[in-house]
Amino acid sequence: MIEARGLSKRYGDLLAVDDVSFVVQEGEVVGFLGPNGAGKTTTMRMLTGYLPPSDGTAVIGDADIFEQPIAARRAVGYLPETPPLYPEMDVQGFLRFVARLHDVPRREIRDAVDRALERCGLADVRRRVIGALSKGYRQRVGVAQAIVHAPPVLVLDEPTVGLDPIQIREIRGLIAELAAPRDGEPAHTVVLSTHILPEVEAICQRVILINRGRKVVDRPLAELTADGARLEDVFARATARDADAEEAEA
Ligand SMILES: Nc1ncnc2c1ncn2[C@@H]1O[C@H](COP(=O)(O)OP(=O)(O)OP(=O)(O)O)[C@@H](O)[C@H]1O
Ligand SMILES: [Mg+2]
């Protein structure tokens, strides 16, 4: 459903993402982890076709981001680290605008916006100006703009960052709902980055961990935490092992 094939990104001398490959199957919810600066955002931007890779490619659905960029973009909803919200627009006006950007046919826009509002619990604030909403509600608008064109794949970059515990629980619940099939709509395939490990345990089936641009773990959560291992320790070990290896190489 979504595949990274040898994705690399070079910024000058820095290899921010180094030959990262993985496959996410339809309906899977994958937690994309790694320390600050590991390359999560860079990978997600390449996966969604917003940043050209230096090497490698990505496939969304059946569409390669280079060969069929429009189809690939249409198949993915992306919540960037800083959601692209226009504070002076009202919620439904903004979602209509995003739907048009994604080429949702004119006669389907109203239904598409209503569906996104409803799924994200925004129906009551649809006429409110985005800049006047609380952070939690603005984040819901961020999720709504990612789903308005009904993409089968969602890529969410730290969807709960900066939210209070109640809002975190609500956004997490929303993601879990989006990941579940509903009314004959297929489940969304979700890749989400986070630093909150309990979040991964609450909603993800699989963990992909990157460190210094390289993939170091790609396993089902159940396997990682078998024998009562804590995800925190898995994370610490995976990021330390790599640092040790680099020291040994130097
Ligand atoms: N436009 C850019 N120009 C130069 N270097 C960049 C650019 N964007 C990212 N980097 C560098 O690439 C590396 C990976 O950054 P990235 O934002 O992908 O990490 P991240 O895993 O998302 O980190 P965080 O957890 O802090 O969000 C970092 O060293 C960062 O400084
Ligand atoms: Mg990031």
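No value in this document is a laboratory result; all are computed from the given coordinates. Note that the structure is a prediction, hence the values are computed from the model and not measured. Glycine also receives a Cβ, built like all others from the backbone with ideal geometry; neighbour counts cover every protein chain displayed.
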Please build a GNM for the chain, connecting alpha carbons under 10 Å apart, and tell me which residue among Gly31, Gly12, Gly213 fluctuates the most.
Gly12
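Please state the relative contact order of the stretch 161-239 as a whole percent: Cα pairs under 8 Å, 6+ residues apart? Can you show the working numbers first?
Working: 55 pairs, mean separation 14.5, N = 79.
Over the stretch 161-239, the number comes to 18 percent.
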The relative contact order of the stretch 24-68, taking Cα pairs under 8 Å that sit 6 or more residues apart, comes to a percentage of 21
With everything on Cα atoms, drop me the angle between helix 165-179 and the longest principal axis of the chain, reported from 0 to 90° to the nearest 10.
90
Farthest towards the positive end of the dipole of the chain, among Ile147, Leu178, Pro53 and with Cβ unit charges of +1 on Lys and Arg and -1 on Asp and Glu, lies the Cα of Ile147
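For each of Ile130, Ile171, count neighbouring Cβ atoms within 10 Å of the residue's Cβ, then give the residues from fewest to most.
Values: Ile130 20, Ile171 23.
Arranged by neighbour count, lowest to highest, Ile130, Ile171 become Ile130, Ile171.
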In the stretch 84-225 the DSSP beta bridges are antiparallel at a rate, in percent to nearest 5, of 60
Residue by residue through the stretch 65-82, what is 3J(HN,Hα) from phi via Karplus (6.51 cos²θ - 1.76 cosθ + 1.60, θ = phi - 60°)? Round to whole Hz and write x for glycine and proline.
5, 8, 7, 10, x, 6, 5, 5, 4, 5, 7, 10, x, 10, 9, x, 4, 10
Could you put His188, His195, His149 in order, starting from the residue whose Cβ has the fewest other Cβ atoms within 10 Å?
His195, His149, His188
Compare Arg172, Arg74, Arg107 in a GNM of the chain, Cα atoms joined below 10 Å, and give the one with the largest fluctuation.
Arg107
Of the DSSP beta bridges with both residues in the chain, give the percent that are antiparallel, rounding to the nearest 5.
55
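Note down the magnitude of the dipole of the stretch 89-150 about its Cα centre, charges +1 on Lys and Arg C-beta and -1 on Asp and Glu C-beta and zero elsewhere, to the nearest 20 debye. Walk me through the numbers on the way to the answer.
Values: 13 positive and 7 negative charges, 28 e Å.
Rounded to the nearest 20 debye, it is 140 debye.
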Taking a ≥ b ≥ c as the square roots of the Cα gyration tensor eigenvalues, with a/c under 1.5 meaning rounded and otherwise prolate when a/b beats b/c or oblate if not, the stretch 89-150 comes out prolate
For Lys215, the lysines lying under 25 Å Cα to Cα, once residues fewer than eight places off in the same chain are dropped, come out as Lys9, Lys40
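So what's the back-of-envelope 222 nm ellipticity for the chain, counting only DSSP H runs of four-plus at -39500 (n - 2.57) apiece and dividing by all residues, rounded to 500?
Numbers: 9 runs with 94 residues, N = 250.
Helix-only estimate at 222 nm: -11000 deg cm²/dmol.
How big is the dipole moment of the stretch 65-205 about its Cα centre under a simple scheme where the beta carbon of each Lys and Arg is +1, that of each Asp and Glu is -1, and everything else is neutral? Debye, nearest 20, please. List each step's numbers first, then the result.
Values: 18 positive and 19 negative charges, 103 e Å.
Here the size comes out at about 500 debye.
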In degrees, nearest 10, the alpha-carbon axis of helix 109-119 is tilted away from the dominant principal axis of the alpha carbons of the chain by 60
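Which shape class applies to the stretch 22-65: rounded if a/c is under 1.5, otherwise prolate when a/b exceeds b/c and oblate if not, where a ≥ b ≥ c are the square roots of the Cα gyration tensor eigenvalues? Display every interim value, and only then the final one.
Values: a/c = 2.43, a/b = 1.12, b/c = 2.18.
It comes out oblate by the Cα gyration axes.
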In degrees from 0 to 90, rounded to the nearest 10, what is the angle of the helix 135-147 Cα long axis to the longest principal axis of the chain?
90
Yeah, the chain with a ≥ b ≥ c from its alpha-carbon gyration tensor (a/c under 1.5 is rounded, else prolate when a/b outruns b/c, oblate otherwise) is prolate
Would you mind telling me which residue in Asp18, Asp227, Asp157 has the biggest mean-square fluctuation in a Gaussian network model of the chain, where springs connect alpha carbons within a distance under 10 angstrom?
Asp227
